[in-house]
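Report on the following structure.
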Amino acid sequence: MPGELLVADLDMPSSVYGVHGAAGLTRWRSLAGGKGLRGPYEAVEWACVPPGGLSGEHLHSRTEEVYVLLTGEGEALLNGRPQRVQAGELILTGLGATHGLRNVGSEPLSWLTLEVPAPRTVTLARSQRKEITSMQVPAGRATVVDLGRELDVDPRPVLQGPLRRIRMLRVVPGASLDLPGRGFEHTVFVLDGQGSASAQSVTVPVRQGTAVTTSGGEDLRLDADAEGLRVVCASFAIPLQPSEGGDLR
């Protein structure tokens, strides 16, 4: 799908009750899904719970997942152990790990969800045409990383799937930033500022709360207006086409 961009915003989120068996309201929005992408990953989503709200504890028996915390304060339950978390941090949950998240602050707790199939489940789906069960999944790792401090995180010590980098990026007022697409699809979520995103001849305006995802390994260009841009960028490895040559490391 050369030159295409998947664009979504937070203007019309859905109201969901009982997420992962927990009582209460979750505001939810799908930002990108597997059907529109070339890479073998599931979804990019936004979620938000009010003070006291909860995303219930659950086991990841088929997929790996990252929460990019955007606003608020919470308590994560990672493999049964509580840990305080806050905006600017990442929660990395590997295959076979359990996690849950509660809002313990006075403001809404919101996050991006990056969900990808683990290599083991992809292999089984292709060779055996069935999903693995929780009994077949070894205990996985789950941890918290401060993206606001690290700025560029490689999740592979915890995750084994196609997610390669999670970055906090700034584009100064009037400047541009190029994200090469060879071998990758990028999802960019705007935290602050306004500007535009371009892939080949396609250009779309972006602002706080806009998500833009490349489809098919296209280069992505971000242009900031007078306010500049601050974004979270997640980069997923995709299979190279024969004409592209080389191996993706």
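Under the condition of being in a strand (DSSP E or B) and under 15 Å from residue 25 (Cβ atoms), which residue from segment 97-110 is most open to solvent (accessible area, probe 1.4 Å)?
Pass one, segment 97-110, residues in a strand (DSSP E or B): 98-103, 109-110.
Next, only the ones that are under 15 Å from residue 25 (Cβ atoms) stay: 101-103, 109-110.
On the way: 101: 1, 102: 100, 103: 4, 109: 0, 110: 7 Å².
Per the criteria, the residue is 102.
How many of the residues in segment 151-175 are more than 12 Å from residue 64 (Cβ to Cβ) and in contact with a helix residue (DSSP H, G or I) (Cβ under 7 Å, 6 or more places away or on another chain)?
Matching residues across segment 151-175 total 3.
To keep it simple, each residue is scored yes or no on (1) in contact with a helix residue (DSSP H, G or I) (Cβ under 6 Å, 6 or more places away or on another chain); (2) outside any strand (DSSP E or B); (3) of a type in the set (Asp, Glu); (4) open to solvent by 10 Å² or more (accessible area, probe 1.4 Å).
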| residue | (1), (2), (3), (4) |
| --- | --- |
| 57 | no, no, yes, yes |
| 61 | yes, yes, no, yes |
| 70 | no, no, no, yes |
| 75 | no, no, yes, yes |
| 92 | no, no, no, no |
| 95 | no, yes, no, yes |
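Is it true that residue 235 is in a strand (DSSP E or B), buried (at least 20 other Cβ atoms within 10 Å of the Cβ) and among the small types (Gly, Ala, Ser)? Don't jump to the end; show me each part of the working.
Details: in a strand (DSSP E or B): yes; buried (at least 20 other Cβ atoms within 10 Å of the Cβ): yes; among the small types (Gly, Ala, Ser): yes.
Spelling it out, residue 235 is indeed in a strand (DSSP E or B), buried (at least 20 other Cβ atoms within 10 Å of the Cβ) and among the small types (Gly, Ala, Ser).
Answer yes or no: is there a residue in segment 136-143 that is under 27 Å from residue 85 (Cα atoms) and at pLDDT 95 or above.
Looking through segment 136-143, at least one residue is under 27 Å from residue 85 (Cα atoms) and at pLDDT 95 or above.
In segment 172-217, what count of residues is obtained for those that are among the β-branched types (Val, Ile, Thr) and buried (at least 21 other Cβ atoms within 10 Å of the Cβ)? Give the derivation first.
Within segment 172-217, the subset among the β-branched types (Val, Ile, Thr) is 172, 187-188, 190, 202-204, 206, 210, 212-214.
Now narrow it down to the ones that are buried (at least 21 other Cβ atoms within 10 Å of the Cβ): 187-188, 190, 206, 210, 212-214.
Of the residues in segment 172-217, 8 are among the β-branched types (Val, Ile, Thr) and buried (at least 21 other Cβ atoms within 10 Å of the Cβ).
Within segment 73-88, track down each residue that is more than 13 Å from residue 142 (Cβ to Cβ) and within 19 Å of the chain's Cα centre (by Cα).
Within segment 73-88, 73, 74, 86, 87, 88 qualify.
The values are calculated or read from the model by the stated rules, or taken from the named source; none is laboratory data. Given the structure is predicted, the values throughout are model-derived calculations rather than measurements. No Cβ is skipped: glycine too gets one built from the backbone with ideal geometry, and neighbour counts run over all protein chains shown. Note: accessible area is taken over every heavy atom of the protein model, side chains too, but ligands, DNA and RNA are not part of it. Shrake-Rupley method; radii C 1.70, N 1.55, O 1.52, S 1.80 Å.
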